[in-house]
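> Pasting a structure below so you can have a look.
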Amino acid sequence: RNRSSLPALWVEIRDESSVPGYQIGAVRAVGGGDSVRWRQSSICTRRGQYHLGPWEIVTGDPFGLFEVRRRYASQDEIIIHPPIHNSVPIPLPPGASEGRTRARERAWQATVNAATVREYHALDPLHWIHWPTTARRDSLYVRQFERDAAGDIWLVIDSQSAVQLGKGEEGTEEQAVLLAASLASRALGEMRAAGLAAYARTPRVVAPGLGQGQQWRLLRALALLRADGEIDLGRALRELGETARRGSASIIITPSADPGWLPELAHLSRLGIESHVLLLDRTSFGSQGNSQGLQHAITSLGYRCQVVRQ
């Protein structure tokens, strides 16, 4: 906006935002007493923590004799979350809540267990209506759901830098994050408490929880995760065994071809923690060798294991 009666023949906007691929820098002319407005959009494809701003405006006379700068130093944090894919063909391990008893907590959305009925409220979905009770009592009643008795789910991402393959969207780090985000979303949608354990240089550990707030906590941790750690998967599983409750289930995502961590997998089983292993297929990520041998070793020990290609 130019509040002067004289025209600004050129005004340059310099953008110092750190979001990859996002630049709003431009040069515009603004007439006297006039304003210029425009909109620009971009698609953010790289997860992480970035900032919008600061910005600087530069203008001057047409002959280059003088220059005026005005800086806007404010910054806004922006978190780019990983996308969530709803069609990942990987089942969730059941686990079991302690004693396999029915959870006493009522769910705020539909689950597989309908515990009882209650009177209809204005915001209840119509497909929750329990028609036999409605007909018998001559008033609308809906089913009231309870949480499933299945146990918590821990998503364990092997964050050791030495076992990672590829870079960016084509690498095992990104593949593991995408799988974890999608499986966490599905678990929370099924009223399963989900948590995260990733022992990178900056550990990202989120205790299991429920609800939309938990999904944002998990997505933020996954957005900031970098597989740059020195802790191998065996030690990570030992850490999990000291943290997870009996009856929990773990989904272990790793590109490792070293079977040295298998004894810790057996230790989790003795602690009452069920495990499902997702092996990122090393061949499809451009490495020699394959994950079939390790898959066979895991399944021969009685654990579920699935190989996931790039």
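The values are calculated or read from the model by the stated rules, or taken from the named source; none is laboratory data. Everything quoted here is computed from the prediction, not taken from an experiment. All Cβ positions, even for glycine, are placed from backbone atoms using ideal geometry, and neighbour counts span all protein chains on display. Accessible surface areas use protein heavy atoms only, side chains included; no ligands, DNA or RNA. Shrake-Rupley method; radii C 1.70, N 1.55, O 1.52, S 1.80 Å.
> So which of Leu233, Leu222, Leu240, Leu268 ends up being touching a residue at least 40 places away in the same chain (Cβ under 8 Å), farther than 19 Å from Val308 by Cβ and crowded, with 16+ Cβ neighbours inside 10 Å?
Leu240
> For region 118-136, enumerate the residues that are open to solvent by less than 40 Å² (accessible area, probe 1.4 Å) and at pLDDT 75 or above.
Across region 118-136, the qualifying residues are Trp128, Ile129, Thr133, Thr134.
> Could you tell me whether Leu279 is open to solvent by less than 20 Å² (accessible area, probe 1.4 Å) and either assigned to a loop (DSSP other than H, G, I, E, B) or more than 22 Å from Val206 (Cβ to Cβ) (or both)?
Against the criterion (open to solvent by less than 20 Å² (accessible area, probe 1.4 Å) and either assigned to a loop (DSSP other than H, G, I, E, B) or more than 22 Å from Val206 (Cβ to Cβ) (or both)), Leu279 qualifies.
> A further question on this structure: What number goes with the only condition from (1) in a loop (DSSP other than H, G, I, E, B); (2) in contact with a Ser or Thr (Cβ under 9 Å, 6 or more places away or on another chain); (3) farther than 14 Å from Ile157 by Cα; (4) not β-branched (Val, Ile, Thr) that Arg201 does not pass?
(3)
> Filter region 248-263 down to the residues that are within 26 Å of the chain's Cα centre (by Cα) and more than 18 Å from Ala200 (Cβ to Cβ) and list them by number.
Ser248, Ala249, Ala257
> Would you pick out the residues in region 137-172 that are outside any loop (DSSP other than H, G, I, E, B) and modelled with pLDDT under 90?
The answer is Arg137, Tyr141, Val142, Arg143, Gln144, Phe145, Glu146, Gly168, Glu169.
> Please find, within region 282-298, the residue that is farthest from the chain's Cα centre (by Cα) out of those that are assigned to a helix (DSSP H, G or I) and of a type in the set (S, T, N, Q).
Among them, the one singled out is Gln292.
> May I pose another question? Looking at Gly247, Gly241, can you tell me which residue is in contact with an Asp or Glu (Cβ under 8 Å, 6 or more places away or on another chain) and not in a helix (DSSP H, G or I)?
Gly247
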